[in-house]
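The values are calculated or read from the model by the stated rules, or taken from the named source; none is laboratory data. The shown structure was predicted, so the numbers you read here are calculated from the model rather than taken from an experiment. In this analysis, Cβ positions are derived from the backbone assuming ideal geometry, glycine residues included, and neighbour counts consider all displayed protein chains.
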Amino acid sequence: MLRLLRTLFLALVCLAGLCQLTVCAAGAFPSGETNALRAISLPHFEPELPIAPGRDEFLTVCVSCHSPRYVTMQPLFPQGKWEETVDKMTKVYGAQIDPQQRQAIIGYLVTIHGPDAATRQTPPPEDDFDSITAAKPPARPDTSPLLALAADTTARAAEVKRGGELFQQNCAACHGNNGRGDGMVGEVLLRKPKNLTAIRFPLRLLSQVLWNGKPGTAMPSWRGLTPQDLAALAAYVQTLHPSSQADPVVPAALQRGNLVFQQNCAPCHGAAGDGKGTAAANLLPQPANFKLKQPDLDYILQVLRDGIQGTAMPSWQAQISEADRRALAGFVRSLFMPTDPP
């Protein structure tokens, strides 16, 4: 019954699209709240689809199931890949698309999100963050602002409190009430929501994810919220991970972990652990940048054992010994370079 309720809930999410939902499901909430009503505020903004031939066909056929944001979160596919993707909708999922619509839709997708689309796109509209300049790496420009958290202790406490309220309204359905990635919706997502209690996130990374979303996952952009609310969310998320002491430095273990990393992980995560390996450009979601996040030791060992479904991260339990996995986990944690002010 609980699984049926969750399936029905997801169906409501799809039908309601970007509206605010109120759900009531017995047994779907923590103990003592079985009949509680929960309001889940879904993103209420969408990318502005460019005007180009095929736009009407795309809106008629595709948007009934796919959010326009789904397209903008994909890589810049060449025509052959978009043809394969559109044909999959008809052959696998039974979408009703006639040949004329097929050609128009493929042409439109290539125009707005093909290999040459980046040179045709106009800059994003000005917003409240214009005064903040962000670094823009050549491969994947980072247009996200660096959120500003309150410095005063009292103001920070109020900010965290506001962030907690926003988290329950917007994030708990996937990430869970306590941020452990065990929300009701998260159970049916292929890429499970992040366990925010198991990873140390600096403000820079939280700013990026809240502003841009996480392509290849269900995590959308939340730039429809105000800068103050985004900062409050970031402040609250940082409180979910308990502060921990630095790992003891054991040169031999780090050296061994580095060797294992270069042999097995560098093609995706990059030799420096910055997520820019030779295979990274073809992967979605992108490999983790360990300079911008520090997973807990137990979490890394779990990932090495099980892999991460919905990503290119496989299980390494059969390929890497337990001792080497521990050395690798310690090395991965050593790559973290905190950028937030103390």
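Observations on the structure shown:
- Tally of residues being surrounded by 15 or more Cβ atoms within 10 Å (Cβ to Cβ) and either in contact with an Asp or Glu (Cβ under 7 Å, 6 or more places away or on another chain) or farther than 15 Å from Ala252 by Cα (or both) across segment 315-333: 4
- Check on Ile308, free of Cβ contacts under 8 Å to residues at least 60 places away in the same chain and of a type in the set (A, V, I, L, M): no
- Restricting attention to segment 86-128, the residues being modelled with pLDDT under 80 and β-branched (Val, Ile, Thr) number 3.
- When the residues of segment 152-190 are filtered to those that are outside any helix (DSSP H, G or I) and under 14 Å from Ala234 (Cβ atoms), the one that is nearest to the chain's Cα centre (by Cα) is Cys171.
- Options Ala158, Ala218: the member that is out of contact with any strand residue (DSSP E or B) (no Cβ under 6 Å at 6 or more places or on another chain), hydrophobic (A, V, I, L, M, F, W, C), more than 30 Å from Gly330 (Cβ to Cβ) and modelled with pLDDT of 95 or more: Ala158
- Here Asp229 does not qualify as of a type in the set (Asp, Glu), in contact (Cβ under 8 Å) with a residue 60 or more places away in the chain, under 23 Å from Leu328 (Cα atoms) and in contact with a helix residue (DSSP H, G or I) (Cβ under 8 Å, 6 or more places away or on another chain).
- Within segment 171-201, the set of residues being farther than 25 Å from Asp298 by Cβ and buried (at least 21 other Cβ atoms within 10 Å of the Cβ) comprises Ala173 only.
- Residue count for segment 248-277 satisfying the condition of being among the charged types (D, E, K, R) and surrounded by fewer than 16 Cβ atoms within 10 Å (Cβ to Cβ): 0.
- If the condition is being among the basic types (Lys, Arg) and over 19 Å from Thr217 (Cα atoms), then segment 266-291 contributes only Lys291.
- Here is the figure for segment 247-270: residues that are in contact with a helix residue (DSSP H, G or I) (Cβ under 7 Å, 6 or more places away or on another chain) and more than 18 Å from Trp316 (Cα to Cα) total 3.
- Test: residue in segment 282-305 that is surrounded by 16 or more Cβ atoms within 10 Å (Cβ to Cβ), touching a residue at least 40 places away in the same chain (Cβ under 8 Å) and more than 19 Å from Lys194 (Cβ to Cβ): no
- Residue match in segment 213-228 (condition: over 14 Å from the mean Cα position of the chain (by Cα), within 25 Å of Ala150 (Cα to Cα), assigned by TED's automatic domain parsing to the domain that holds Pro145 and hydroxyl-bearing (Ser, Thr, Tyr)): yes
- Qualifying residue in segment 267-278 (condition: outside the structural domain of Arg326 (by TED's automatic domain parsing) and assigned to a helix (DSSP H, G or I)): no
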